[in-house]
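The values are calculated or read from the model by the stated rules, or taken from the named source; none is laboratory data. What you see is a predicted model; the values in this text were computed from it and never measured. Cβ: placed from backbone, ideal geometry, glycine included. Neighbour counts: every protein chain shown.
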Amino acid sequence: MSKKVKARATKHGKDSVPLSKEMVAQLEELRKQFIEHFGREPRPDDPLFFDPDYHIPVPISPEKLVVALAEASLKAGITHTEEEQCNSVLISLKGAFG
């Protein structure tokens, strides 16, 4: 069973996105980390992935995101082939960040 969360309008015209229980749990964990770090609830204009080196909510840089994901993949035991697949995704993400 998935939970639907309202999202901003997209180019596809969808107004909600199905989320698995795991995704909901991860988003809740990000929310808790945000509150712990900044001492307040996140606002709609705050970044989902923030840079913990700042005392105000600032989006994490693509470089720091790549490092964090690489460290997480090592902890998760991702193999070299899987790492190459992740790298192609990361390159796409980096392009999306501009």
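The rows are residues; the columns are (1) modelled with pLDDT of 85 or more; (2) surrounded by 10 or more Cβ atoms within 10 Å (Cβ to Cβ); (3) of a type in the set (S, T, N, Q).
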residue	(1), (2), (3)
SER2	no, yes, yes
ALA9	no, no, no
ARG40	yes, yes, no
PHE50	yes, yes, no
VAL67	no, yes, no
THR79	no, no, yes
ILE91	no, yes, no
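So which pairs qualify, if the first residue must be in the stretch 1-30 and polar (S, T, N, Q), the second must be at pLDDT 60 or above, the Cβ gap must be under 6 Å, and the two must be at least 6 apart or on different chains?
Correct list of pairs: SER2/PRO18; SER2/LEU19; SER2/SER20.
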